[in-house]
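Just below is one structure, and these are the notes that go with it.
The values are calculated or read from the model by the stated rules, or taken from the named source; none is laboratory data. The structure displayed is predicted, hence computed values, not measured ones. Because the Cβ atoms are built from the backbone with ideal geometry, glycine has one as well, and the counts that use them run over all protein chains shown. Only protein heavy atoms, including side chains, enter the accessible area calculation; ligands, DNA and RNA are left aside. Shrake-Rupley method; radii C 1.70, N 1.55, O 1.52, S 1.80 Å.
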Amino acid sequence: MALLDRIGNSSAEVILSIALILIAGFLMTRITKKLRLPDVTGYIIAGVLIGPYVLNLISPDIMEGMGFITDIALAYIAFGVGKYFKLEELKKNGRRIIIITVFEALLAGTVVALTMIFIFHLSVPFAILLGAIGSATAPASTIMTINQYHARGELVNTILQVVALDDAVALIAFSVCAAIADQLESGTGHLQWNVFLIPLLVNLVVLFLGAVCGYLLKWIISDSRSRDHRLILINAVIFAMTGVCTMLDVSPLLPCMLMGTVYVNVIEKKNLFKQVNHFSPPIMLMFFVLSGMKLNVPMLVSAGVIGVVYFGVRILGKYAGAWAGSLIGKASPEVRKYLGLALVPQAGVAIGLAALGQRILPPQMGTMLSTIILSSSILYEMVGPACAKGALILAHEIRTVKAIDAGRK
């Protein structure tokens, strides 16, 4: 029995569980900050510690009841990704950046999927979902490193544009793979196109709805409203969009991303995204801590070899894809050689996609998928900043050792 189960008051248990999750996540970041690790790593570790396999402080029923946090957190992540898709910025280096992003994302995903199928002989649904998730990159760690050392140059500009598009490619790839995996897991052993097209049409409907909501935000979130009311209304719209997607059993990722994209191109301001970022941290913390609580620690033993191979193969796929895309896109030699090193981190979107993939696969395979992504995300977030820093130094975009020391201070 979990510690908070002994209270005997369900309302108090829920409230105290939320408080415990927030406090545990915050306290763990005090440790990870000293180790110069991202907050996401601290949140996941906090979840493992208070979860059922270590301290067992919160009951499984409470954890299951908070499942909606995943969809809401994904909606906020996706809406935030949308702000990077301003058409005028994409037109400048759009073709080259798109080529690089598609190659680095899809080649990594393809290599991961083929490795799982032909080396480990795992099921096709599991392999393609893991591959699709493997295509995602977490930009926060890399961007943090760039800002810390005040790096400047062509490689930096390319990194910032690629990581902005990367999550969009991953979301689209996952949506397609999830639909295929869902049909393969239905028991027929092959795609039933009549059944496959219905989810596709539903996704198109919610995408249209997301685009309409993004356009209507121009009037809903007008400058005449107070800051508080703007924040209330945008959260109401995001929650409503998420609720509709949940009701229709589709992911809120693409509709919310499209909503953010349409809004930023219609209104051409990013102030609203900053306001949302001020509201969302507790939700994001709860999402990552809950993800850590769901990490099946005993499964790490059986998933160990697969997880280690996934960790290495994805890095190779990212590097090879970035190199090939840079070559075809006629990028500079520095970008070709070092861009792949800056694309190692993986956290937010990947963890959210793992939660969605876990719903599609059988329980054991779904748990293994989540375990691989969560455990590898911790490792990626540990080595990612060092890899990004190395790429910037090798590309001579952190100029001197003195500049590096200044960045540390």
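For region 1-72, the helices (runs of 4 or more DSSP H) that sit wholly inside it and include 1 or more residues that are small (Gly, Ala, Ser) and surrounded by fewer than 21 Cβ atoms within 10 Å (Cβ to Cβ) are 10-34, 60-65. Criterion applied to VAL297, VAL313, VAL308 was being without any contact (Cβ under 8 Å) to a residue 40 or more places away in the chain and more than 25 Å from TYR84 (Cα to Cα), and the one residue passing it is VAL308. Being under 19 Å from the mean Cα position of the chain (by Cα) and more than 30 Å from ILE45 (Cβ to Cβ), is that true of even one residue in region 274-283? So far as region 274-283 goes, no, none of its residues is under 19 Å from the mean Cα position of the chain (by Cα) and more than 30 Å from ILE45 (Cβ to Cβ). For region 323-348, the set of residues classified as open to solvent by less than 10 Å² (accessible area, probe 1.4 Å), part of a helix (DSSP H, G or I) and closer than 23 Å to SER370 by Cβ consists of LEU343 only.
Within region 244-266, the set of residues being modelled with pLDDT under 80 and open to solvent by less than 50 Å² (accessible area, probe 1.4 Å) comprises VAL250, SER251, LEU253, LEU254. Candidates in region 374-402 are the residues that are in a loop (DSSP other than H, G, I, E, B) and crowded, with 21+ Cβ neighbours inside 10 Å; of these, the one that is modelled with the lowest pLDDT is ILE398. Evaluation of TRP193 against the conditions (1) more than 23 Å from the chain's Cα centre (by Cα); (2) at pLDDT 75 or above shows that the sole unmet condition is (2). Whenever a residue of region 107-131 is crowded, with 21+ Cβ neighbours inside 10 Å, its partners that are among the aromatic types (Phe, Trp, Tyr) and part of a helix (DSSP H, G or I), lying with C-beta atoms within less than 7 angstrom and at least six residues away or across chains, give the pairs VAL112/TYR310; MET116/PHE126; LEU130/TYR310. Confirm whether GLN358 is open to solvent by 50 Å² or more (accessible area, probe 1.4 Å) and polar (S, T, N, Q). When the stated conditions are applied, GLN358 passes them. Does ILE159 count as among the hydrophobic types (A, V, I, L, M, F, W, C), crowded, with 23+ Cβ neighbours inside 10 Å, under 23 Å from the mean Cα position of the chain (by Cα) and part of a helix (DSSP H, G or I)? Yes: the conditions hold for ILE159.
Within region 221-238, the residues that satisfy the criterion of being assigned to a helix (DSSP H, G or I) and surrounded by 16 or more Cβ atoms within 10 Å (Cβ to Cβ) are ARG230, LEU231, LEU233, ILE234, ASN235, VAL237, ILE238.
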